[in-house]
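Structure, as C-alpha cells:
Values quoted throughout were computed directly from the atomic coordinates according to the rules given, and no laboratory measurement underlies them. Given the structure is predicted, the values throughout are model-derived calculations rather than measurements. Backbone-built Cβ (ideal geometry, glycine too); neighbour counts: all protein chains shown.
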Protein chains: 2
Amino acid sequence: MARIVMKFGGTSVADLDRIRNVANRVKREVDAGNEVAVVVSAMSGVTNQLVKWCQELSPLHDAREYDTVVATGEQVTIGLLAIALQTIGVDARSWQGWQVPILTDGAHGKARVEEIKGEALIARMQAGQVPVVAGFQGIGPDNRVTTLGRGGSDLSAVAIAAAVKADRCDIYTDVDGIYTTDPRIVPRARKLPAVAYEEMLELASVGAKVLQTRSVELAMKQRVRVQVLSSFEDKPGSMVVDEDEIVEQPLVTGVAYSRDEAKVTLRRVPDKPGIAAEVFGPLSAANVNVDMIVQNLGADGTTDMTFTVGKTDLPRARDVLEKARPTIGFETVIADPEVAKISIVGIGMRSHAGVAATMFKTLAEKGINIQVISTSEIKTSVLVGAEYTELAVRALHSAYGLDAEG
Amino acid sequence: MARIVMKFGGTSVADLDRIRNVANRVKREVDAGNEVAVVVSAMSGVTNQLVKWCQELSPLHDAREYDTVVATGEQVTIGLLAIALQTIGVDARSWQGWQVPILTDGAHGKARVEEIKGEALIARMQAGQVPVVAGFQGIGPDNRVTTLGRGGSDLSAVAIAAAVKADRCDIYTDVDGIYTTDPRIVPRARKLPAVAYEEMLELASVGAKVLQTRSVELAMKQRVRVQVLSSFEDKPGSMVVDEDEIVEQPLVTGVAYSRDEAKVTLRRVPDKPGIAAEVFGPLSAANVNVDMIVQNLGADGTTDMTFTVGKTDLPRARDVLEKARPTIGFETVIADPEVAKISIVGIGMRSHAGVAATMFKTLAEKGINIQVISTSEIKTSVLVGAEYTELAVRALHSAYGLDAEG
C-alpha cells in the first residue's frame, strides 16, 4: 500500500471520455489498496479561451480578476472528475484551492505556494475517499483566488504530495517518460527509468519540456519522488528521484538542446575593470536574462564580449545596449539568432574527468564549430550554428553510448 | 444619491461586447453619484453546457459536485465584468458567494439563502468601489459552493439589495418591464409603471415569466423595491413595490394566462367525508402540485372531482390515481391537457365587488365556456379550452379598460 498523488494535465481531461478514462486509472490505484489524491488541470483549450477573454477586454487587466476568471477551468474539471469517480463506485470529493487551503503569496497570476494544510486531505484519504484537487490555484492573503502561472498544476501536484507525505507523485502527461534526448531527432533515444532531481533541472531548463522547472525544484527541496508517465498507455514511466536512489549512474544521462536563445557579441569593448557590470547591469535592470558568457582578449586593449539572451528578449537587449553604448564604449553589437545550445547532462560528470573532452572531439569530427562553451558541475553546454542542431545531438547521443540497442 | 443593486441576466452578458455595454450602464449610475453593486448571471448558454456535462457523466450526479461545476459560469462573468469596469475607469472588484459570504442551507442545487453578511460590501460601496457579485451561488454549512436553482440570480440580487439596504434593485432583462398582459397577444398591452408585490406574485405564478417567484416573495418580505427594465434600451422600466407606493390603483392590473396545466376529472367518486384527502393525499406524496379544484354533486350519491396539475406531472398523476383507485373508488379518470388558465389580477379587487362578474359576462359574450373557477383576494382565474386563450385574454384586456390609447 502506498500513498499516491496522481496529476493529469489538460490533454488527459480534454473531454468527458478522457475524464472517464482518468477515473478508471484512479480506480485501479484505489483497488490496488493505495491511498490516492488527484490533481487536475483545466480541460485543454479552456484556459486559453479564458485568458483570451481577459486580454480582449484589456491587455492590462487586473491580475486578481484574471485569477478569478482562469481558475474556473480547473474548478470545472474537479467537479466532473469527482462525478465520474463516484459513478464507477469510487468515493471522491472535489477541493478548490481555498478549500484545502493551498495558501500562496499575493502575487496574482504567478503566485508562490507558501503552505498547504494537508491534514484534511490526509484524513479523507485515510477514510478511503479520493480528494480531487484543482491544480494551478490557491488562495492569497487577500482571501482571493490566486493562480500559480502557466504549467502550475505540476507544481500543485508536487506541493500536495509533500503536504500529504505521499510516497510518490505521478505526473500523467502526453509523453511516456523522460528520454535520453528528443526521440523526434534521435529515434534510438531511450526512456530513462530514473533521473536525479539535479539532472532533471538541467534537462528541463535546456528544453526537455516535460516537467515545469519550479515543480522539479520543489520536488528536490521536499524530496518528493516524481514519476512522469503516459495517460494514454499503461506502462511505467520515468522516476525523478534523489541521486542516491539511482543505482547505475552513467557518465551522461541525456543530451538536450534549445533553440530559444540568440547570440549577442559586443565588438571592441574597452578592456577595463568593471566593464562586465557596465554591460550586464542595464540588461538585468531591463529583465533580460543572460545565459552563456565568454570574453576574448583583443590585441589593442579592447575585448570582444559574447553572450546569449532569450530570442524573445533580443530586441529589448539591443535597445538597452545601444542606450548604454556611451557608457560602455563598444564599437558594434552583432546579434545572431541562428544558434542552438547543445547540452550533455549527467551527475556522473562530477566524478569523472574527460567527459567534456569527448563532446568537443565528437563535434570537431563532424566539422561543427563551437561558438561558446559553458559548464556546470553536471552539465556542459556549447553554442553551435542552429543548422547543426540535429547532427550534433545525434553524434553526441552515440558518442556517450546512449543509443538503444537493435 | 441612491444605493442601487443592478442585476444582469445571461443574455445581457452573453459576449464581451455585451459585457462592455453592461459596464457602461454601471458607469452611468456611478457617474450620477450613486453607490452601486452589480449581480450577474453566467454568459448565456454556459450554464446549460455545464449542466449537460454533469448529466452526461451521470444522470444521478452528486449535487455538491454539480454545484462546484455550474457555479463557475458566474465566476467567469464577475471577473470579466470587473475588468471591463476597471478599463473604463470604474473601481470594481469581483465577489464569489463564499467571499461575501452568502450563507445558504445545505440543499445543494436548490439552496436557500439564510444570511448575507452585507458589511464588507457596504464598506466597499461607501469607499466608491463597485462590488460585482456572482449570482445564483452561495456557500453551505459544509464550506462548499451551493447554487440556488435555476433563475436564482434574481434571488441573489434581491437578497443582496436587502443585505446592503439598497434603495432599489434594478433587474435588467430582455423585456423592458411588466405589461398589463402579453404584448404578443395584445399589441395594445401597456407597460405598468408600478405593480404591487402581491400582484407580481400572482402574475409570476400564472405565467408572466419576468421575475422568478422566490425573488418576488423575498422582495415583499424584505420590502426591497425592485425595478424590471431592459438591458438593451435606455428607458425606465416597471417598479415592483409595496402597494402603499402605488397612487392609482386600477381594479384590474393585468391579465395573465398559463398553458402549463392540464385538467383531470375523476368521474363518479363516492360522495363521503374524507374523500378529498384520499384523492389529494397520494398526489401530494408523489410531489404532484394540484391547483384549481372543483367538486360537483351528482344525483346518485357520487360526485365528479375536477382539478388541474402541471402538464409535465400529468403522467405521474394518472399513475398515482390509478394505483389509488381501489381506495378512492372512482369510475374513470379523464385527463385534458388542452386547457388554459386565464387570470385577472389586481389589488383593487379587494375593495370592489363585481369585478369577477365582469369577467364571466365578458367570456360568455364571446361564447367561451368556463370549465373551472378559482379565486383569491386579488385574483380570479378561470379554466377554458386552450384554443380560446388569445380570444379570452384580448376580450378581458379590453373589458377592464387596459388597452393603450391610439
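Rounded to the nearest 500 deg cm²/dmol, what is the calculated helix-only ellipticity per residue at 222 nm for chain B, with -39500 (n - 2.57) per DSSP H run of length n ≥ 4?
On the way: 12 runs with 139 residues, N = 406.
For chain B, the value works out to -10500 deg cm²/dmol.
Restricting everything to alpha-carbon atoms, can you work out Rg to Rh for segment A:197-290 with a Kirkwood hydrodynamic radius?
Expressed as Rg/Rh, it is 1.13.
Label position 7 Å from Cα toward Cβ: report the copy-to-copy distances for B:E322 in nm, one decimal, ordered from shortest.
So the distances to the same position in the other copies read 8.7 nm.
For segment A:1-54 and segment A:333-406, compute the distance between their C-alpha centroids and round to whole Å.
About 37 Å separates the Cα centre of segment A:1-54 from the one of segment A:333-406.
Dipole magnitude of chain A about its Cα centre, charges +1 at Lys/Arg Cβ and -1 at Asp/Glu Cβ only, in debye to the nearest 20?
280 debye
Any chance you could run the full-extension gain for A:V247 through A:E217? It's 0.36 nm times the residue separation minus the Cα-Cα distance, nm to one decimal.
The A:V247-A:E217 span can extend by a further 8.6 nm.
Would you mind giving the average projected area, over all directions, of the Cα convex hull of segment B:153-240 in nm² with one decimal?
Over every viewing direction, the Cα hull of segment B:153-240 projects on average to 5.4 nm².
With respect to the axis carrying B onto A, what is the closest chain B residue by Cβ position, and how many angstrom separate it from the axis?
B:T72, 2
Towards the positive end of the charge dipole of segment B:249-400, with charges on Cβ (+1 Lys, Arg; -1 Asp, Glu), say which of B:I347, B:L363, B:A317 has the farthest Cα.
B:I347
List, shortest first and in nm to one decimal, how far the label point of B:D142 (7 Å from Cα along Cα→Cβ) is from its counterparts in the other copies.
From this label point to the equivalent ones elsewhere in the assembly: 3.2 nm.
Only four residue types carry charge here, +1 at the Cβ of Lys and Arg and -1 at the Cβ of Asp and Glu. Report the dipole size of segment A:249-400 about the Cα centre in Debye, rounded to the nearest 20.
220 debye
Please pull out the direction-averaged projected area of chain B, using the convex hull of its alpha-carbon atoms, in nm² to one decimal place. If you can, show how the numbers build up before the last one.
Values: hull surface 90.7 nm².
In nm², the orientation-averaged hull projection of chain B is 22.7.
Using the Cα centre as the reference, give the magnitude of the dipole from point charges on the C-beta atoms of segment B:41-192 (Lys, Arg: +1; Asp, Glu: -1; all else neutral), rounded to the nearest 20 debye.
Its charge dipole is roughly 420 debye.
Please provide three numbers in whole Å: the alpha-carbon extents of the protein assembly as shown along the principal axes, with the largest listed first.
Result for the protein assembly as shown: principal-axis Cα extents of 121, 64, 41 Å.
Taking neighbour counts of Cβ atoms within 10 Å as a proxy for exposure, in what order, fewest first, do B:D304, A:D244, A:D170, B:D260 appear?
A:D244, B:D260, B:D304, A:D170
Using the Kirkwood radius over C-alpha pairs as Rh, can you work out the diffusion coefficient of segment B:1-149 via Stokes-Einstein at 37 °C, viscosity 0.692 mPa s, in µm² per second? The partial results should precede the final answer.
Details: Rh = 15.6 Å.
Taking Rh from Cα pairs, D becomes 210 µm²/s.
Two decimals is fine: what's Rg over Rh for segment B:249-400, C-alpha atoms, Kirkwood radius as Rh? Don't jump to the answer; show the numbers that get you there.
Details: Rg = 16.7 Å, Rh = 16.4 Å.
My calculation of the ratio gives 1.01.
From the residues A:A335, B:T375, B:G138, which one has its Cα farthest along the dipole of the protein assembly as shown in the positive direction, the dipole being from +1 and -1 charges on Cβ of Lys/Arg and Asp/Glu about the Cα centre?
Selected residue: A:A335.
Could you put B:I160, A:I88 in order, starting from the residue whose Cβ has the fewest other Cβ atoms within 10 Å?
In increasing order of surrounding Cβ atoms, one gets A:I88, B:I160.
Between A:G254 and residues 5 or more places away or on another chain, which pairs have amide H atoms under 5 Å apart, with H built 1.01 Å from N, and which residues are they?
Residues meeting the criterion, in which the H sits 1.01 Å from N, are A:V345.
Among B:A189, B:A162, B:A324, determine the one that fluctuates most according to a GNM of chain B built with springs between C-alpha atoms less than 10 Å apart.
Checking each option, the largest mean-square fluctuation is seen for B:A324.
Segment A:234-273 to segment A:153-179: how many Å between their Cα centroids?
Each part reduced to its Cα centre gives a spacing of 22 Å.
Listed highest first by mean packing, meaning other Cβ atoms within 10 Å per residue, what order do B:266-272, B:195-201, A:61-67, B:308-314 come in?
B:195-201, A:61-67, B:308-314, B:266-272
Mind listing which trypsin sites (Lys or Arg not before Pro) in segment B:129-187 are in a DSSP loop and have 10 or fewer other Cβ atoms within 10 Å?
Values: sites: B:R144, B:R150, B:K165, B:R168, B:R184; in loops: B:R144, B:R150, B:K165, B:R184.
Taking segment B:129-187 and a limit of 10 other Cβ atoms within 10 Å, the loop trypsin sites (Lys or Arg not before Pro) found are B:R184.
Measuring label to label, 7 Å along Cα→Cβ, what does A:E278 give against each other copy in nm, shortest first?
Result for A:E278, in nm, nearest copy first: 10.9.
Let's test the formula: R0 of 45 Å, r as the Cβ-Cβ distance of A:A2 and A:R318. What FRET efficiency results, to the nearest 0.05?
Computed FRET efficiency for A:A2 and A:R318 comes out at 0.25.
Helix A:314-328 versus the longest principal axis of chain A: what is the Cα-based angle in degrees, 0 to 90, to the nearest 10?
Helix A:314-328 and the main axis of chain A meet at about 40 degrees.
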